[in-house]
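Peer 1: So that we are looking at the same thing, I have put the structure below in structure tokens.
Throughout, read-outs are computed from the coordinates displayed, never taken from laboratory work. Keep in mind that what you see is a predicted model, and the values were worked out from it rather than measured. Glycine also receives a Cβ, built like all others from the backbone with ideal geometry; neighbour counts cover every protein chain displayed.
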Amino acid sequence: MMTESKLSDILPLVRQPSRYLGNEINRIQKDLSAVDLRMALAFPDMYEIGTSHFGMQILYDRLNSRNNIAAERVFTPDVDMQARLKAAGQPLTALESGRPLRRFDIIGFSLLYELNYTNILSMLDLAGIPFYAADRRQSDPLIIAGGPCTANPEPVAPFFDAMVVGDGEETILALADIWMAWKKEGGTEKDALLRRWQAVEGMYIPSFFDVVFDTAGHARLSARHPDFPTVRRAVLPDLNQTDFPAAPVVPYGRPVHDRLRMEISRGCTRGCRFCQAGMIYRPVRDRAPEAILSLTQKGLDATGYDEISLLSLSTGDYGCIGPLLTQLMTRHAADHRAVSFPSLRADTLTPELIGLIKKVRKTGFTIAPEAGSQRMRDLINKNITRADVEKSVRFVFEQGWQVIKLYFMIGLPTETRDDLQAIVDLVKDLRRIRPPKGRRRPGMNVSVTTFIPKAHTPFQWHAQISLEESRQKIDWLREQLKPARVRFKWQRPEVSWIEGIFSRGDRRLASLLVAAHRKGCRFDGWSDHFDFDRWQAAMDETGLDADFYTTRQRSFDDPLPWDHIDARVSRSFLVKEWQRALDGQTTGDCRQGKCYQCGVCDFKTIAPVVFSGNPADAAAPEAPFRENREKNPPQSYKKLQLTYTKTNDARFFGHLEMVNIFVRAFRRAGVDLKFTEGFHPKPKISFADSLPVGMESLNEFLTIEVPSHTNIDALPGRLNSQLPDGLSVTGVMPPGGRKQSQPPDVVCYRIDLQTGQFDPSCLQAFIARKTWLHEKRTVKGKVTRLDLKKMVHTVTLSADRQLTLCLTRKPGPSLRPSEVLKAIFSLGDGEIRQARIVKTQDTP
Ligand code: SF4
């Protein structure tokens with residue numbers, strides 16, 4: 001992430017340092033001097049969130065598929081890292097090369113959530129790039145953005161040179177081609193480039209639109225170039241015509257989606273009137289099941305993941321979801337790989353589907369009725385009945401789920417107290433549903449969020465409820481649901497309020513963002529970082545009227561800040577849908593052929609793509625080796641002990657990361673591991689020691705069980721080709737094959753201080769003592785007293801900053817070298833954390 005010397009200085013001092021290494025499996029590293037275009041893909045949230053976003057993976061894959069383009073990644077550093085970078089005067093850099101962001105040609109931000117907006121400013125600030133496009137020089141990179149938030153780009157438009165509205169995978173390549181041609185021609189004038197970009201469908205150039213505010217405060221935008229009065233959303237007509245990443249990057253740490261993500265469909269035609277995604281991703285476009293099966297196989301082989309997540313806005317609607325699931329499970333069950341999906345509508349749950357799902361996942365099942373009363377469900381066009389919800393809950397209880405999660409919204413248009421009461425009644429009735437005899441009563445989680453009207457939906461003119469009303473309604477629901485003994489969760493009304501401001505805001509809000517950032521707002525989507533007082537202070541400073549953006553009821557005649565963005569769903573359709581909502585009329589799903597004229601499809605190039613073939617044919621298997629294994633599972637296994645080294649950057653892997661890294665390396669190398677028996681089988685792998693983060697070792701051991709026929713000699717080579725830098729298997733032997741099958745009695749460490757030095761007089765004092773009692777607090781908080789004189793076997797100072805320490809190992813509480821260093825030499829935390837501590841094979 002930065003130059004090597006600075007990386008080694010800072011990484012030992014920050015939380016979860018592995019997220020800044022950039023050397024994950026399947027990352028793509030190119031010689032940046034040998035390409036024509038260097039693009040940084042920036043995600044304005046933490047690594048664990050950004051690496052879970054498959055849209056960024058798609059762009060990374062598409063851009064890097066071109067030899068003359070290098071795309072690298074950068075995520076918002078955690079606040080501790082931000083402080084360290086600032087203190088060290090180090091700029092924010094991209095993960096793969098460590099090149100400072102400001103030296104890239106283009107930086108492209110993914111905008112998925114309004115509460116991430118202050119992180120954009122943090123990243124630009126850390127990169128040393130001016131916030132506003134108008135303030136940037138010719139030598140600065142071009143800053144662009146894409147993602148669902150561009151449906152109303154205005155609050156952040158002044159920060160960007162260009163924004164991509166709609167599907168990005170083809171647009172970004174068109175944009176890259178134009179940039180490279182412009183550069184080749186010797187182009188230096190940004191405006192000339194932006195003029196060319198403007199011609200690409202989906203490209204929005206904010207500086208080409210002037211904004212004036214009328215006396216009522218409405219933003220009125222006018223295009224500077226009359227040939228481009230609006231920006232039309234880019235639509236990829238057929239997912240099957242473009243490549244999907246076959247080898248996604250496998251992140252370190254604990255990403256929120258730590259599994260293979262497979263987009264099976266884009267767009268949703270259910271027409272829920274509150275749902276922006278349901279409008280701005282139309283029409284529905286299914287990926288062919290053959291492609292899904294083939295891509296899944298490739299993805300699993302390339303990543304070593306043990307879970308596949310099928311992604312779409314409504315996975316249960318996928319044309320042949322049952323046969324597809326059956327095929328996936330049949331293919332991968334023998335390999336202990338599970339299938340999951342994040343979203344299912346209650347009315348798509350069939351006993352067959354639930355039966356398939358329950359084979360792999362029984363912890364929590366989510367149903368989103370969204371509203372309690374049928375009147376309100378009709379108004380929002382949810383098109384599910386109370387009977388659907390009850391039936392689903394019965395199904396999932398019968399099938400043995402332990403927790404059911406229900407999602408509701410408050411503050412929907414025309415909501416009355418009766419509608420809220422209906423939420424309470426529905427939850428209480430569902431709570432009365434009993435599981436079959438002999439089964440434990442499942443838990444029930446009820447989550448409530450405040451409805452936020454979004455651009456390009458039929459509710460875009462509707463007022464959001466006030467902060468106070470939101471608080472009152474959530475409090476009321478919480479009180480009412482107490483007797484139902486459910487776990488009640490809610491999104492903080494203040495968070496919804498800020499999101500509401502930006503969802504339908506205009507360009508004036510850019511100044512609010514800058515003020516909020518200056519006041520310290522960071523990671524506002526994280527409850528532990530969100531600071532409402534700071535936002536209020538920023539609001540006061542800028543003098544902006546929050547109610548103008550939230551609680552104001554718009555009329556159909558009011559200009560809207562996103563009027564120049566043509567999301568392809570027509571305004572007349574949205575107006576009609578709003579009126580149908582008020583009339584209690586529902587609108588059907590166009591997936592099955594009936595068009596409701598939303599305006600998106602021309603039925604020449606753009607039309608719903610729904611899988612309609614014979615699912616059985618479509619799912620014809622390719623007979624991968626894993627199927628052979630299912631037919632011929634190994635009859636016997638043998639235990640092996642592997643020795644390995646953990647050096648350099650690998651010292652930043654924690655123990656749980658190490659388990660994942662090794663298990664996935666075994667999978668990628670095609671080495672079967674024996675699994676435990678029981679409900680949640682796990683691969684049999686055990687590590688002799690769990691080294692603390694930051695410690696290196698030349699002498700580590702782990703034990704596995706593999707099929708008896710496994711070629712032991714080839715094992716180190718196969719594994720090493722799949723391990724990240726710094727991890728290397730050095731030997732394989734049967735248990736007990738090494739001299740000591742138990743950890744040796746004495747373990748030695750070589751310690752090199754990077755800052756500070758060892759004081760020889762401290763060592764002399766230690767040597768002179770007969771006893772040296774040291775208090776050690778265990779993880780459970782218990783304090784034990786250990787005599788260092790008995791535990792330190794030898795300690796030898798070889799230079800001011802170099803020392804060899806050998807510790808005696810006995811059953812019971814043990815000591816880490818860092819504790820000994822601190823006790824004997826009174827070194828500071830920073831000096832110890834930055835020291836290179838290597839567990840060696842030396843003997844005292
Ligand atoms: S134009 Fe018709 S078929 Fe196409 S997405 Fe809209 S409603 Fe569906």
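Peer 1: Tell me, which cysteines of the chain are without a disulfide-compatible partner by the Cβ under 4.7 Å rule?
Peer 2: Within the chain, the cysteines lacking a partner Cβ under 4.7 Å are 149, 268, 320, 521, 590, 595, 598, 601, 762.
Peer 1: Now for a different question. What's the angle, to the nearest 10 degrees (0 to 90), between helix 321-333's Cα axis and the longest principal axis of the chain?
Peer 2: Once rounded, one gets 10 degrees.
Peer 1: Further question: Apply 1/(1 + (r/R0)^6) to the Cβ-Cβ distance of residue 765 and residue 689, taking R0 = 30 Å, and write down the FRET efficiency to the nearest 0.05.
Peer 2: Details: r = 30 Å, r/R0 = 1.01.
Efficiency, from the Cβ-Cβ distance: 0.50.
Peer 1: Which whole number in µm²/s is D for region 467-547 by Stokes-Einstein, with the Kirkwood Rh taken over Cα pairs at 10 °C and 1.306 mPa s? Please list the in-between numbers first.
Peer 2: Details: Rh = 14.1 Å.
It diffuses with D of about 113 µm²/s by this estimate.
Peer 1: Where nothing but the Cβ of Lys and Arg (+1) and of Asp and Glu (-1) is charged, how large is the charge dipole of region 632-727 around its Cα centre, in debye to the nearest 20? Display every interim value, and only then the final one.
Peer 2: On the way: 11 positive and 10 negative charges, 61 e Å.
Computed charge dipole of region 632-727: roughly 300 debye.
Peer 1: Take residue 484 and residue 597, extend 7 Å from each Cα along the Cα→Cβ direction, and tell me the distance between the two endpoints in nm.
Peer 2: 4.0 nm
Peer 1: If you don't mind, there's one more thing I want to ask. By average Cβ neighbour count within 10 Å, what is the ranking of 214-225, 253-264, 71-82 from highest down? The partial results should precede the final answer.
Peer 2: Values: 214-225: 13.1, 253-264: 19.2, 71-82: 22.8.
Ranked from most to least packed, the peptides come out as 71-82, 253-264, 214-225.
Peer 1: Over all directions, what mean area does the Cα convex hull of region 97-246 project, stated in square nanometres? Intermediate values should be presented prior to the final figure.
Peer 2: Working: hull surface 44.1 nm².
Value for region 97-246: 11.0 nm².
Peer 1: Can you give me the relative contact order of the chain as a percent, contacts being Cα pairs under 8 Å and 6 or more apart?
Peer 2: Working: 1574 pairs, mean separation 97.0, N = 844.
RCO, the chain: 11 percent.
Peer 1: How much length, in nm to one decimal, is gained on full extension between residue 789 and residue 65, taken as 0.36 nm per residue of separation minus their Cα-Cα distance? All intermediate terms of the calculation are to be shown ahead of the outcome.
Peer 2: Numbers: separation 724, 0.36 × 724 = 260.64 nm, distance 5.98 nm.
Contour length minus Cα-Cα distance gives 254.7 nm.
Peer 1: Then there's this: When the helix-only estimate is applied to the chain (DSSP H runs of n ≥ 4, each -39,500 (n - 2.57), divided by the residue count), what is the mean residue ellipticity at 222 nm, nearest 500 deg cm²/dmol?
Peer 2: Details: 28 runs with 266 residues, N = 844.
Mean residue ellipticity at 222 nm (helix-derived): -9000 deg cm²/dmol.
Peer 1: Also, I was wondering about something else. Just to be sure I understand the model, the point goes 7 Å from the Cα along the line to the Cβ. What's the resulting residue 822 to residue 294 distance in nm?
Peer 2: Once both label points are built, they end up 5.6 nm from each other.
Peer 1: Provide the convex hull volume over Cα atoms per residue for the chain, in Å³. Could the numbers behind the result be given before it?
Peer 2: Working: hull volume 160.6 nm³, N = 844.
Cα-based convex hull of the chain, divided per residue, equals 190 Å³.
Peer 1: Along the charge dipole of region 485-594, Cβ charges K/R +1 and D/E -1, which of 574, 564, 521 sits furthest on the positive end?
Peer 2: 574
Peer 1: Two-decimal Rg/Rh of region 367-508 from alpha-carbon positions, Kirkwood Rh?
Peer 2: Working: Rg = 16.2 Å, Rh = 16.0 Å.
Result: Rg/Rh = 1.01.
Peer 1: Here's another thing I want to ask about it. Assign unit charges at the C-beta atoms only (+1 for Lys and Arg, -1 for Asp and Glu), then state the dipole size of the chain relative to its Cα centre in Debye, rounded to the nearest 20. Numbers along the way, then the final one.
Peer 2: Working: 117 positive and 100 negative charges, 680 e Å.
Here the size comes out at about 3260 debye.
Peer 1: What distance in nm separates the simple spin-label points at residue 639 and residue 185, each placed 7 Å from Cα in the Cβ direction?
Peer 2: Those two pseudo-labels are separated by 7.1 nm.
Peer 1: Related question: Take the Cβ-Cβ distance between residue 733 and residue 8 as r, set R0 to 25 Å, and report the resulting FRET efficiency rounded to the nearest 0.05.
Peer 2: Working: r = 34 Å, r/R0 = 1.34.
Given R0 = 25 Å and the Cβ-Cβ separation, E is 0.15.
Peer 1: Treating only the Cβ of Lys, Arg, Asp and Glu as charged (+1, +1, -1, -1), what charge dipole size does region 743-823 show about its Cα centre? Round to the nearest 20 debye. Please report the intermediate quantities before stating the final value.
Peer 2: Working: 15 positive and 7 negative charges, 99 e Å.
It works out to roughly 480 debye.
Peer 1: Would you mind pulling out the separation of the Cα centroids of region 1-69 and region 766-793, in Å?
Peer 2: Here the two parts' Cα centres lie 43 Å apart.
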